[in-house]
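The values are calculated or read from the model by the stated rules, or taken from the named source; none is laboratory data. Being a predicted model, the structure only gives us computed values, none of them experimental. For neighbour counting, all protein chains shown are included, and Cβ atoms are generated from backbone atoms with ideal geometry for every residue, glycine included. When the accessible area is computed, the model is the full protein with side chains, heavy atoms only, and any ligands, DNA or RNA have been set aside. Shrake-Rupley method; radii C 1.70, N 1.55, O 1.52, S 1.80 Å.
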Amino acid sequence: MIIKPGFALRPCLRLRRNFHADPHEYVSQLRLCAARRHLPKARELHARLLATGLHASPFAISALISLYSKCACPADALSVFLSAPAHPSNLFVWNAAIAALASNGLPADALRLFRRLSSEPGLSPDEFTFPCAIRACADLGASDEVRKIHAALFKAGFGAEVFAASALIRAYSIMGLADEAVKVFDELHHRDVVLWNAMVNGFAQLGQFARSMDYFRQMMSEGMVPSKFTVTGVLSVFTARADLGNGRKIHAFVIKMGLDEEIGVSNSLIDLYGKCHALEEAEEIYESMHERDAYSWNSMMSAYQYSAHHAGTLQLFRRMRRNGVMPDAVTIAAVLPACSQVAVLRFGREIHGFAITSGMRGVKDDVFVDNAFMDMYAKCGALEEARLVFNGMPSRDVASWNIMIDAYGAHGRGAEAVELFEQMVAVGLAPDEVTFVGVLSACSHAGLVEAGKDLLQRMEAEFGLAPSMEHYACVADMLGRAGLLEEAKGVAEKAGAGGAGVWRAYLAACRMHGKSAQASEAAERVAEMEPQGSGSYVLLASTYGGAGKYSELAEVRNQMRRKGVRKAPGCSWVEVGGARMHAFVAGDQEHPEAAEIYTALHGLMGWMRGRSGGTFLR
C-alpha cells in the first residue's frame, strides 16, 4: 500500500449519533475507511453500528466484510458474516465473504463457503461469485475442482462474462493447463483488454514467451489499446530474456501512452534494466518516481545486487529505513548477500535483529530467509552464529545443508563439513552437485585426501551424479596441496578439453611447491583453453618470481602485453565508523581523500620494509 505524506482520514459526513441514523451514511464512511485502510476508524464505526442496531442491514454487513478484507483481517470479515442476526440471504453478503477469504490467503475456506452457498435454498452463485471460487481453486492447484466450477459457470449462463472468463484463463495458466486457457479464450466472441492481458501474462508466467508475444501482437493488430497490465506482462518477457533492445522499445511506448507514472510499470522497467545490467537507466527511472511502494525499493536493490554493486545495495537499504518503509522478506534476501560480499557483520546483525523484533511479515520460519542469514554470518566469519541459525531452523532444504557444509570448509574445518554431509545423508536428504563442491573443497582445505577420494567415488556410484569440472578442480586442488602432483595432473588430464579450471588448480599446486617446469607446462595448457584469461599468466609469473627467475617473469609479462591479456583489478570495501562504505580498486585516485590515503599507505609500506630488513615488496 502506498501512503502519501501527511495522510489523514477526512470525514466526508458528520454522523448523527442518534439511533435513527441512516445506514447509508455509515456505509459511505466504511467504504472511505476501506479505501484508506484505516482500521482504527473502521472499528469505531463498527461499534456505532452495533450500538444503533444498524449492523443487521445487508448493506452494512457487506461493507464491513469488504472493509476488513481490504485491511487484511479475514477473521474479522468472517466473524461479521457468521454473526449476522439473521441467516444471510443476500447474495452480496455471500460474495463479499467468499472474496474476503480468497483474497487473503484462505482459499480452502473460500471454497468451502462457495460450496455452502451452492447448497443454500433460493440462492445461486452469480458472475461475481464464480471468479472468487476460481481464484481459490487456482491458489490450491485444484484442477479437477476448477473444471467442475467451469461446467457450473457454463450451465448457469455466465460463460461469456469477462471477469469469469479471465479468472478461468488465469487459473488454467497457473496450473499449467495452457490448452484449456486457449480454449476458453477462443470461445469468447467479445474480448476486452482484461482477457488479452490474461493470455499475454499467462503465457509469460508459464515461460512460453513466444506465445505470449504472439498474443500481444495479435492484440495490437486488432486495435486493442494495451493497459498497464499488458505492459508489465510484455516487460516480464523481455526481462526473462534479458532483451534490452526490445525492452527499450516498450519503454518508449510506455512514455508515448503516458503510462510512465504507473508504479507497477516503473517497477517492471527497473527489473528489466537491472537484469540487463543497465544500472544507470534503472536508477534514472527509480529517482524519477513520485511515489514508490515496497516493490520499487526491492527492485532497485535487486538491480544493484545483480550487478554486484554491493555498496549501492546497502546505501539504498539505509535510505529505505530512513524513509520509514518497512522491509519484507524480499528486501532481506536482496540486502544480505551484499553484507556477505563486503563482510559487514555489524550491519547484517542489525538486519537480523530488526527482522526478529519487528515481526516482519514473511520472515519468521522462512527457509529462504534463514538460508540468507546463515550465508551472511558464514561469509562474515561468524561461523558459530551461522550454526545457531542452522540449528534453529524448523525445516531445512538442500541449500541449508549446502551453506553450512560450505561454511565449515571455508573456515578450514573439514572434519565438521564431512560429518555434516553424513548427517544430511542420514536424514534422507539427497545431496546435489553443489553439496559435493562444498564437501570436496572442505576436504581440500583441511588436507583430508582419503575422505575426498572416497567422496568423489561415492558421488557417482551411490548418488548417481556425474562429476563436473568444478568437482575435478576441487580434487586436483586437494591432491596438489598434499604434494601429490602426479595424481593431480592425472585428474586434470581426465577432465578433458573443457577443464581449464582443473589445470589452473594443478598450476597453483605447482607454484605452491616451487615446481616451475611443471607450472610452465600447466600454464601452456590453460592458455590454449583460455587465450584471453589472465589467471594462468598471473600464477606462472608468481611461480617464476618466487623461484628468482626474473627473466622468465619478464617474458610472461611481455606475452600478456603482446596478446592483449589484462588482469581485472581487484576491488575492496571498508566501512569506517559504521557511517559510510568506501570502495577501492588497484591504483584508485577517485576517492576525495586519496592523497591522505596514499600518504598513510606509503608510510605503512615503509614501516613494513624496515621491519622485514628491506626485503618486503622488493
Pull out all pairs, ordered by first then second residue, where Cβ-Cβ is under 9 Å, the residues are six or more apart or on different chains, the first lies in the stretch 586-600 and is part of a loop (DSSP other than H, G, I, E, B), and the second is at pLDDT 80 or above and among the β-branched types (Val, Ile, Thr). Asp588/Ile597; His591/Ile597
Only one of these is at pLDDT 75 or above and part of a helix (DSSP H, G or I): Ala51, Ala34, Ala60. Name it. Ala60
What are the pairs with Cβ atoms under 6 angstrom where one residue, in the stretch 239-263, is in contact (Cβ under 8 Å) with a residue 60 or more places away in the chain and the other, located anywhere, is assigned to a helix (DSSP H, G or I)? Sequence gap at least six, or different chains. none
Output the number of residues of the stretch 404-438 satisfying the condition of being within 25 Å of Leu479 (Cα to Cα), open to solvent by less than 30 Å² (accessible area, probe 1.4 Å) and either under 26 Å from the mean Cα position of the chain (by Cα) or small (Gly, Ala, Ser) (or both). 11
Among residues belonging to the stretch 290-310 that are surrounded by fewer than 18 Cβ atoms within 10 Å (Cβ to Cβ) and of a type in the set (A, V, I, L, M), point out the one that is farthest from Ala252 (Cα to Cα). Ala308
Sole miss for Phe185 among (1) over 28 Å from the mean Cα position of the chain (by Cα); (2) under 30 Å from Cys71 (Cα atoms) is condition (2)
Output the number of the condition that Glu281 fails; it satisfies all remaining conditions of (1) open to solvent by 60 Å² or more (accessible area, probe 1.4 Å); (2) charged (D, E, K, R); (3) touching a Phe, Trp or Tyr at 6+ places or on another chain (Cβ under 6 Å). (1)
Could you check, for the stretch 361-380, whether at least one of its residues is within 21 Å of Ser302 (Cα to Cα), surrounded by 15 or more Cβ atoms within 10 Å (Cβ to Cβ) and β-branched (Val, Ile, Thr)? yes
Would the stretch 86-98 turn up any residue that is of a type outside the set (Phe, Trp, Tyr) and touching a Lys or Arg at 6+ places or on another chain (Cβ under 7 Å)? no
Given (1) open to solvent by 60 Å² or more (accessible area, probe 1.4 Å); (2) assigned to a helix (DSSP H, G or I); (3) of a type in the set (D, E, K, R); (4) more than 16 Å from Cys474 (Cα to Cα), where does Arg396 come up short, assuming only one miss? (2)
Given the criteria in a loop (DSSP other than H, G, I, E, B) and either surrounded by 20 or more Cβ atoms within 10 Å (Cβ to Cβ) or out of contact with any Phe, Trp or Tyr (no Cβ under 6 Å at 6 or more places or on another chain) (or both), does Asp126 qualify? yes
Looking at (1) open to solvent by 30 Å² or more (accessible area, probe 1.4 Å); (2) in contact with a Ser or Thr (Cβ under 6 Å, 6 or more places away or on another chain); (3) of a type in the set (Gly, Ala, Ser), can you tell me which one Ala181 breaks? (1)
Index of the failed condition, Leu388 passing every other in (1) modelled with pLDDT of 90 or more; (2) surrounded by 18 or more Cβ atoms within 10 Å (Cβ to Cβ); (3) not hydroxyl-bearing (Ser, Thr, Tyr): (2)
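Say we look at the stretch 184-222 and pick out the residues that are of a type in the set (Gly, Ala, Ser) and surrounded by fewer than 15 Cβ atoms within 10 Å (Cβ to Cβ); which of these is modelled with the lowest pLDDT?
Initial filter on the stretch 184-222 (of a type in the set (Gly, Ala, Ser)): 198, 202, 204, 207, 210, 212, 221.
Next, only the ones that are surrounded by fewer than 15 Cβ atoms within 10 Å (Cβ to Cβ) stay: 207, 210, 221.
On the way: Gly207: 86, Ala210: 89, Ser221: 91.
Taking the candidates together, the pick is Gly207.
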Does Val363 satisfy the criteria of being touching a strand residue (DSSP E or B) at 6+ places or on another chain (Cβ under 8 Å) and either under 28 Å from Gly412 (Cβ atoms) or at pLDDT below 85 (or both)? no
Counting residues that are under 16 Å from the mean Cα position of the chain (by Cα) and modelled with pLDDT of 90 or more, which helices (runs of 4 or more DSSP H) fully inside the stretch 244-330 reach at least 1? 263-275, 294-306, 310-322
Answer yes or no: is there a residue in the stretch 83-90 that is open to solvent by less than 50 Å² (accessible area, probe 1.4 Å) and under 25 Å from Ala138 (Cβ atoms). no
Thr232 fails exactly one of the following numbered conditions: (1) farther than 19 Å from His309 by Cβ; (2) surrounded by fewer than 21 Cβ atoms within 10 Å (Cβ to Cβ). What is the number of that condition? (2)
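State yes or no: is Leu106 at pLDDT below 90 and either open to solvent by 10 Å² or more (accessible area, probe 1.4 Å) or touching a helix residue (DSSP H, G or I) at 6+ places or on another chain (Cβ under 6 Å) (or both)?
Answer is no for this residue.
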Quick check on my filter: what residues within the stretch 263-320 are basic (Lys, Arg) and within 24 Å of Gly233 (Cβ to Cβ)? Lys275, Arg292
Which number in (1) within 20 Å of Ile403 (Cβ to Cβ); (2) crowded, with 18+ Cβ neighbours inside 10 Å; (3) not hydrophobic (A, V, I, L, M, F, W, C) marks the one condition that Arg349 misses? (2)
Condition check: modelled with pLDDT of 95 or more and hydrophobic (A, V, I, L, M, F, W, C). Does Leu420 satisfy that? yes
Any residue that is open to solvent by less than 60 Å² (accessible area, probe 1.4 Å), hydroxyl-bearing (Ser, Thr, Tyr), closer than 17 Å to Gly414 by Cβ and part of a helix (DSSP H, G or I) - is there at least one of those in the stretch 456-474? no
Flagged pairs (Cβ under 8 angstrom, 6 or more apart or on separate chains; first in the stretch 167-195, without any contact (Cβ under 8 Å) to a residue 40 or more places away in the chain; second open to solvent by 40 Å² or more (accessible area, probe 1.4 Å) and polar (S, T, N, Q)) are Ser173/Gln205; Ile174/Gln205; Ala178/Gln208
